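Worksheet for the structure shown next.
The values are calculated or read from the model by the stated rules, or taken from the named source; none is laboratory data. This one's a predicted model, so the numbers in the text were calculated from it and none came from an experiment. Positions of Cβ are backbone-derived with ideal geometry, glycine not excepted, and every protein chain shown enters the neighbour counts. Heads up: the accessible areas ignore ligands, DNA and RNA and are worked out on the full protein's heavy atoms, side chains in. Shrake-Rupley method; radii C 1.70, N 1.55, O 1.52, S 1.80 Å.
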Amino acid sequence: MSSQYQFSDIEKKWRLAWEKSELYKIEIDPNKPKYYVLDMFPYPSGSGLHVGHPLGYIASDIVARYKRLKGFNVLHPMGYDAFGLPAEQYAIQTGQHPAITTEQNIKRFREQLNTMGFSFDWTREVKTCDPNYYKFTQWIFSLFFNHWYDTLAQKAKPIKELEQHFSVHGSKNSCVYPGDFTPFSAAQWRAFSPLQKHEILNQCRLAFMDETTVNWCEAMGSILANEEVVNGLSERGEHPVIRKKMKQWSLRITAYADRLIEGLNRIEWSNAIKEIQRNWIGKSQGAEIEFVVRGTLKTLRVFTTRPDTIFGATFMVVAPELENLSEFCTEKNWPSVSAYANKSRNRSEIERMAETHKTGVFTGLEAINPFTGEPIPIYVGEYVLANYGTGVIMAVPAHDERDFAFAKSFNLPIIPVIKPAHSELDLPLTEAFSAKEGTCFNSGFLDGLSVADAISAATAKIVKAGWGKTTVHYKLREAGFGRQRYWGEPFPLVYDAQGIPSILESLPVELPSVEIYKPTGNGKSPLSALTQWVNTPKGIRETDTMPGWAGSSWYFLRYTDPNNPQDFASKEALHYWNQVDLYIGGSEHATGHLLYSRFWTKFLFDLGFIAWDEPFQRLVNQGMILGEDGQKMSKRWGNVVNPDDVCAAYGADALRMYEMFLGPITDSKPWNTQGIEGVSRFFGKFWRLFYHGENWAVTDIPATKEELKILHKTIKKISDDIENLSFNTSISAFMVAVNELTGLQSRKREILEPMLVLLAPFTPYLSEELWHRLGNSGSSNDKRIDSMSIHTTQWPMHDSGYLTEDYFAYPIGINGKTRAQIEFDLNASEDEIQAAVLGHAMVVKWMAGKPMKKFILVKGRIVNVVV
RNA sequence: GCUCGGGUGGCGGAAUAGGUAGACGCGCAGGACUUAAAAUCCUGUUUUCAGAAAUGAAAGUACGGGUUCGAUUCCCGUCCCGAGCACCA
């Protein structure tokens, strides 16, 4: 056995030993409290890892190991989000089946993870592309299909119950979300054809077919989700994206909008992520108001959050995409209006956003402002969006910047109705006064009211007069759930001759093999070419596949019981492992995965499958590790550091320790290759506490009070720091302790053995090795290595008795400036201390004969003399 | 533009129920060991001024104010950086 620290031999030896003994395999154990610590599901890319990737895994592994040592039964699994575009793109390029390349990537990924010494229970590995897994993804989809949302009960209910309701009561009191179908009676329902029934039920199902404007990317031959489009270009590849009507499956996430906002108050996530989700859901409280179109029986319904400004509404604007646009236009004006509308419709998002000034066309019609009775012109204008609110606005140019700009270009009247509470407006206005505080004027019965009061007063009047109602609108859109792609979960359904879908009960519906992976270009997936597969005795299959986020929206539940063939997870496993206690991953998933997972969790909660409705109790977003030049690590900049190289040169323990030492886990910070030397030197120093030259130097001599103080101070610090995920400071504490012990030439088992346990979560290999060299090896015929592994021992308790001091060297300040330091017994009285301080030569000097005004003593902290 | 974070040595960063600013590490400088180098170890290292030195003084946590015996920490204003959202009525 070498007296030197030879990390490569040590790490290899223990890696094999741990694997052989299945050290990290866990089972339900009702006698132990559970702890579930999870890393975000990685996509097994072929390009390998850089040192930034494992950052979160190292942090979660430290917590997992710490919790185990504290006596918790820790669930710490790993798996792969294996469906998705990159594997498919690779298949298109190389003609290799994505399942094969994905499997190769997974193998390599797992090797890299194992090198770094993570304590994953690999018997629980899940892959979203495995039929044994996606069988349940398909099953959950069928649950969405078979449920509707009851707005009164605020939960999902079986569609059968709704059909029952319809056949007895018709649509009356059905409380179905969103419920904007034409009302019908029970008799009518019973008389409806299957197709008519389907069309109504489709408007109720939580998974439904939606004719929507989608983001169509020609280059990729697919629809993209809103979050996959950045500034009118595809996030991946930066291809142009246009808007296109398409029928596809969607999930009715907006039914859960309120609960998704509310739940944020009950979870420990960063403010940033909560705020992003709130913005994304974009709830606004307001009113819908009917404006009569002058000279017709028609009305235009607007949505506004500022009914207090209605006396200043001087025109209206309708969105060009509005279906029934022609109804709100005179015949004479129709040619110019429809020309404008067509142009807008065909313009891409980028073009429309690039437009700096407001455009529009007069419709020739006027509406009556219900409050003033005055007619106001109706325009069609691109700046009004069809898919938000009602697609129609009342424009108040004095108090809205966009309306102001529009009024300026069309020379429309600008009537101010709100002024600052304690000053006057400068008239004429040069810009909109859009503050949400102020006082009403020019506003009839609202004059003198504050904005808040005027909103309630105006709303009350609107409701009382029957002009409208209070409503809530959301920015959140329904979640498009179809991709015209090959490498994803097939939908478990077929359509009959009339196009009515029905669920296939026998799961999984396996993804068939194809010859050509490339999208067809006509908007259909490669599966549509497989006529034999598509045509079944029961009907025609859906050929879209599910999006990448389908499998990742529930994988954390599967880990609790990953090999269960009957259920997505057993009741017992779900009950025992419960919520994820700590979830670590990047913040880029704020509006995708993290929102969808919360949605699915709430849905499964409604159905009674799980007893909690938030998946991740505590979420931590790790920062990025930048290249040494301070730029993002990428091949393009040539600044990528490969963890394999670091492990080979310094060892996995050093990589783990150094990544944690760089700075707070949540911060982005640059990598510095020289910095890792510091960690290496620390290992050397620590090792030399055990070895003096060639010789083993640890003794059983009892430790001194001073040594015990160092140990217990460190136990307390490390325990607190891990709980707070403050790993950088715990590593400093280790270094301080080792420096102090080296100074004392302290080589006692009583100190070093607990120090090793403290270090074990950070440096699993080094700690295990020295633990065994200390003699914790059990008998040679003991086959179960975990009975003697440091990773199954107990975390030391700190004894505050060793930490209390008898004396403290007080800094003595004169008017707040430290001028001297005097040691006092901590039990000394204030009078005693004051007398001694005032008699001290330095104090006398700095008081310079001036009288003392005040004497401040903070016990154990500071003394300050005020003169 | 709006929202949320954040500005501390040459660098990564410590320290906030208000109490000795700069822990720990990197880098740098000097020294020990060595024929020499590497490795290792030791010492110093916020800035300015005075001093040969020990040391002493002043300033200092983006900037300007305020509260306080005392502010990196709390309050007000300004500037800068990062992230998110962005015609959402």
Conditions (1) in contact with a Gly (Cβ under 9 Å, 6 or more places away or on another chain); (2) within 20 Å of A:Thr591 (Cβ to Cβ) -> A:Ala287 fails only (2)
Flagged in the range A:675-709 as in contact with a Phe, Trp or Tyr (Cβ under 9 Å, 6 or more places away or on another chain), within 13 Å of RNA strand B (Cβ to nearest atom) and either outside any helix (DSSP H, G or I) or among the acidic types (Asp, Glu) (or both), in numbering order, are A:Glu677, A:Tyr691
Take the conditions assigned to a helix (DSSP H, G or I) and within 14 Å of RNA strand B (Cβ to nearest atom) and apply them to A:Ile289. Does it pass? no
Of the residues in the range A:156-190, those that are over 22 Å from A:Trp249 (Cβ atoms) and open to solvent by less than 80 Å² (accessible area, probe 1.4 Å) come to A:His165, A:Phe166, A:Ser167, A:Gly170, A:Ser171, A:Ser174, A:Cys175, A:Phe184, A:Ser185, A:Ala186, A:Ala187, A:Trp189
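Do you know which residues across the range A:689-701 are open to solvent by less than 90 Å² (accessible area, probe 1.4 Å) and either acidic (Asp, Glu) or under 22 Å from A:Leu803 (Cβ atoms) (or both)? Step through it out loud before you land on a result.
Kept after step one, since they are open to solvent by less than 90 Å² (accessible area, probe 1.4 Å), are these residues of the range A:689-701: A:689-691, A:693, A:697-699.
Listed by number, the list holds a single entry, A:Leu689.
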Checked the range A:563-584 for anything open to solvent by less than 20 Å² (accessible area, probe 1.4 Å), touching a residue at least 24 places away in the same chain (Cβ under 8 Å) and outside any helix (DSSP H, G or I); matches are A:Phe568, A:Val580, A:Leu582, A:Tyr583, A:Ile584
Checked the range A:421-435 for anything touching a strand residue (DSSP E or B) at 6+ places or on another chain (Cβ under 9 Å), modelled with pLDDT under 80 and closer than 15 Å to A:Thr309 by Cβ; matches are A:Leu425, A:Ala435
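If we scan the range A:793-801, do we find a residue that is surrounded by 14 or more Cβ atoms within 10 Å (Cβ to Cβ), away from RNA strand B (no atom under 16 Å from the Cβ) and of a type in the set (S, T, N, Q)? If you could, list the steps in order and put the result at the bottom.
Initially, the range A:793-801 is screened for residues surrounded by 14 or more Cβ atoms within 10 Å (Cβ to Cβ), giving A:793, A:795-796, A:798.
Then drop every residue that is not away from RNA strand B (no atom under 16 Å from the Cβ), which leaves A:793, A:795-796, A:798.
Next cut, of a type in the set (S, T, N, Q) only: A:793.
Looking for residues that are surrounded by 14 or more Cβ atoms within 10 Å (Cβ to Cβ), away from RNA strand B (no atom under 16 Å from the Cβ) and of a type in the set (S, T, N, Q), one finds at least one in the range A:793-801, hence yes.
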With the first residue restricted to the range A:827-853 and required to be under 24 Å from A:Glu805 (Cα atoms) and among the β-branched types (Val, Ile, Thr), and the second required to be outside any helix (DSSP H, G or I) and open to solvent by less than 100 Å² (accessible area, probe 1.4 Å), Cβ contacts under 7 Å at 6 or more apart or on different chains are A:Ile833/A:Phe824; A:Ile833/A:Leu857; A:Ile833/A:Val863; A:Val837/A:Ile812; A:Val837/A:Ile822; A:Val837/A:Val863; A:Val837/A:Val865
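Quick one: which residue in A:Met788, A:Met842 is open to solvent by 10 Å² or more (accessible area, probe 1.4 Å) and closer than 25 Å to A:Gln6 by Cα? Reasoning before the result, please.
On the way: A:Met842 fails: closer than 25 Å to A:Gln6 by Cα.
Only one candidate passes the filter, namely A:Met788.
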Selection over the range A:710-749 where residues are more than 24 Å from A:Pro664 (Cα to Cα) and either surrounded by fewer than 18 Cβ atoms within 10 Å (Cβ to Cβ) or near RNA strand B (Cβ under 10 Å from one of its atoms) (or both) yields a count of 6
Of the residues in the range A:302-333, those that are outside any loop (DSSP other than H, G, I, E, B), surrounded by 15 or more Cβ atoms within 10 Å (Cβ to Cβ) and out of contact with any Phe, Trp or Tyr (no Cβ under 7 Å at 6 or more places or on another chain) come to A:Phe303, A:Thr304, A:Pro307, A:Asp308, A:Thr309, A:Gly312, A:Leu325, A:Phe328
Only unsatisfied item for A:Glu19, checking (1) open to solvent by 70 Å² or more (accessible area, probe 1.4 Å); (2) in contact with a helix residue (DSSP H, G or I) (Cβ under 9 Å, 6 or more places away or on another chain); (3) part of a loop (DSSP other than H, G, I, E, B), is (3)
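Which of the residues spanning the range A:276-305 are of a type outside the set (Ser, Thr, Tyr), within 16 Å of A:Tyr388 (Cα to Cα) and out of contact with any Asp or Glu (no Cβ under 8 Å at 6 or more places or on another chain)? Spell out the reasoning first.
The first filter runs over the range A:276-305 and keeps only residues of a type outside the set (Ser, Thr, Tyr), leaving A:276-283, A:285-295, A:297-298, A:300-303.
The next check asks that each one be within 16 Å of A:Tyr388 (Cα to Cα); those that pass are A:279-283, A:285-289, A:300-303.
Answer for the range A:276-305, where residues must be of a type outside the set (Ser, Thr, Tyr), within 16 Å of A:Tyr388 (Cα to Cα) and out of contact with any Asp or Glu (no Cβ under 8 Å at 6 or more places or on another chain): A:Asn279, A:Trp280, A:Ile281, A:Gly282, A:Gln285, A:Gly286, A:Ala287, A:Glu288, A:Ile289.
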Checking A:Ser597, A:Ser553, A:Ser587 in turn, the sole residue that is open to solvent by 40 Å² or more (accessible area, probe 1.4 Å), closer than 22 Å to A:Glu262 by Cβ and of a type in the set (Gly, Ala, Ser) turns out to be A:Ser587
The condition from (1) open to solvent by less than 50 Å² (accessible area, probe 1.4 Å); (2) at pLDDT 90 or above that A:Ile418 misses is numbered (2)
Taking the range A:254-280 and the residues there that are closer than 22 Å to A:Gln579 by Cα and in contact with a Phe, Trp or Tyr (Cβ under 6 Å, 6 or more places away or on another chain), the one that is nearest to RNA strand B (Cβ to nearest atom) would be A:Ala257
